[in-house]
Structure formats: structure tokens, C-alpha cells
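Worksheet: one structure, shown below.
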Amino acid sequence: MWFMQVPEQRDEVASRLYEVIASDPDSRLIDRSTISEADVKQISELMTALGALRDAEQVISEASQRYMQLGGTDMRALHYLIVAGNSGLIATPGAIAVHLGISSASTTKLLDRLERAGHVIRSPHPTDRRALAILITPETHEAAMQTVGRQHAKRFHAAARLTPAEREVVIRFLNDMTNEIALGSESWSHAESKIDDETHSN
């Protein structure tokens with residue numbers, strides 16, 4: 001029966017998600033007329049490897065959210081606070097709002113939620129009476145470091161196994177790809193979201 005084939009079809013589709021030809025069979029997005037089949041195949045393998053990395057990072061992110069019982073925006077805020085603390089810098093609600101791309105009101109709600117759960121502490125800013133300093137609690141810092149932090153740190157080993165010249169190639173490639181896909185004046189990218197900031201954090 002047809003439904004018995006669905007799992008196999010899903011696996012086959014998943015394995016081709018990042019193949020150039022599967023995504024753009026008619027060359028509507030990319031003119032491949034001057035690129036050899038071998039190059040297209042290798043580029044597809046590269047895109048598939050990048051996709052696998054993104055998938056692995058997504059699995060880690062979802063697992064960490066379940067473990068910490070927090071949303072994605074909450075976890076990004078905690079990561080920001082960890083780096084600020086490690087760098088000897090003061091994190092303010094305004095800086096957190098800019099980093100997360102959310103409104104001041106949503107940032108206040110986020111900090112209220114994290115403070116109630118014992119993850120952050122609001123303190124007076126040491127030099128600006130109008131601002132607050134936001135600190136991550138030692139317990140939450142340690143929990144994050146020993147879970148998602150330790151898992152992500154393993155990426156260092158993969159980078160360390162490359163030669164300096166290989167790392168330069170990877171750095172140039174990743175920077176180039178970031179510039180290629182960065183959103184600019186595309187009209188569709190400025191469509192107003194119907195999902196509020198809090199929805200993204202849950």
C-alpha cells in the first residue's frame with residue numbers, strides 16, 4: 001500500500017535536501033551551464049555537509065532547551081550573558097534587546113521570566129544610574145557550560161585538526177557564503193511578522 005512507502009520516501013528526500021540539482025533542476029536559481037557535472041556534484045556534497053552541521057546544531061539546541069526548560073531566545077540571552085561575564089563586560093537590558101532583535105518590553109518580560117526561574121540577577125549598573133547590569137547566576141552558568149557549552153566546544157577539535165592553510169580556506173569560504181546569503185534590500189525579507197517576540201522565545 002502507498003503509505004508503507006512513506007518512510008523510505010522521506011529518507012530519500014532528506015538525503016537530497018541540499019543537492020543543487022534536486023533543489024534547482026531547471027537552473028532557475030543558478031546558471032550551471034559553465035560548471036562541470038563533477039563540480040556540481042562536489043558542491044552538492046559540500047552543501048549537504050553544511051546541512052548536516054546545521055541539523056546537528058539544531059538537535060543540540062533543542063536538547064539544551066529541554067534540559068534547561070527554556071526557549072530558544074532565553075538560551076541566546078544566557079549565552080550572551082556568559083560571554084559578557086567571561087569578557088569582563090557589563091550586559092544591560094538594552095544591549096540584550098539589540099542582540100536578540102526584540103523590543104524593550106519583550107526584553108523586560110524575558111528578564112522577568114529568567115529572574116523568577118533563578119537564571120539571572122538584576123543589579124545596579126556600576127557607572128550608569130539609569131541602567132541595570134544583568135548577570136547570569138553561577139548555577140545556571142555552570143549548568144549551561146557542562147551541557148550545551150561542552151558539546152559545542154567539541155567543534156574546536158575539528159578546527160584544530162586542520163592545517164593553518166586549510167583553516168584560512170574555510171574561513172574565507174564561510175565569510176564569502178555569509179556575504180552571499182546576507183539579506184539586503186529584498187522586499188520579502190522586510191515583511192511584518194505576525195508572530196510576537198514572546199512566541200519566538202517559547
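What follows draws every value from the coordinates through simple rules; no lab data is involved. Every value quoted in this text rests on a predicted model; they were computed, and no experiment measured them. All Cβ positions, glycine included, derive from the backbone under ideal geometry; neighbour counts span all protein chains shown.
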Original post:
What ranking of Arg66, Arg130 emerges when the number of other C-beta atoms within 10 Å of each C-beta is taken as an exposure proxy, fewest first?
Top reply: Arg130, Arg66
**OP:** Going by C-beta contacts inside 10 Å, put Leu78, Leu29 in order with the fewest on the left.
**Re:** Leu29, Leu78
Original post:
Given only helices, namely DSSP H runs of n ≥ 4 each adding -39500 (n - 2.57), what is the per-residue ellipticity at 222 nm of the chain, to the nearest 500 deg cm²/dmol?
Top reply: -18500 deg cm²/dmol
**OP:** Return Ser64, Ser23 ranked ascending by Cβ neighbour count within 10 Å, so the fewest neighbours appear first.
**Re:** Ser23, Ser64
Original post:
Using Cα atoms only, what is the angle between the long axis of helix 104-116 and the major principal axis of the chain, expressed in degrees (0 to 90) to the nearest 10?
Top reply: 70 degrees
Original post:
Looking at His99, Leu110, Gln69, which one has the Cα that reaches farthest to the positive end of the dipole of region 41-163 (charges on Cβ: Lys, Arg +1; Asp, Glu -1)?
Top reply: His99
Original post:
Relative contact order (percent) for region 57-192, with alpha-carbon contacts under 8 angstrom and 6 or more residues of separation?
Top reply: 19 percent
**OP:** Label the chain by shape, choosing from rounded, prolate and oblate, from the square roots a ≥ b ≥ c of the eigenvalues of the Cα gyration tensor; if a/c is under 1.5 it is rounded, and otherwise prolate applies when a/b is larger than b/c, oblate when it is not.
**Re:** prolate
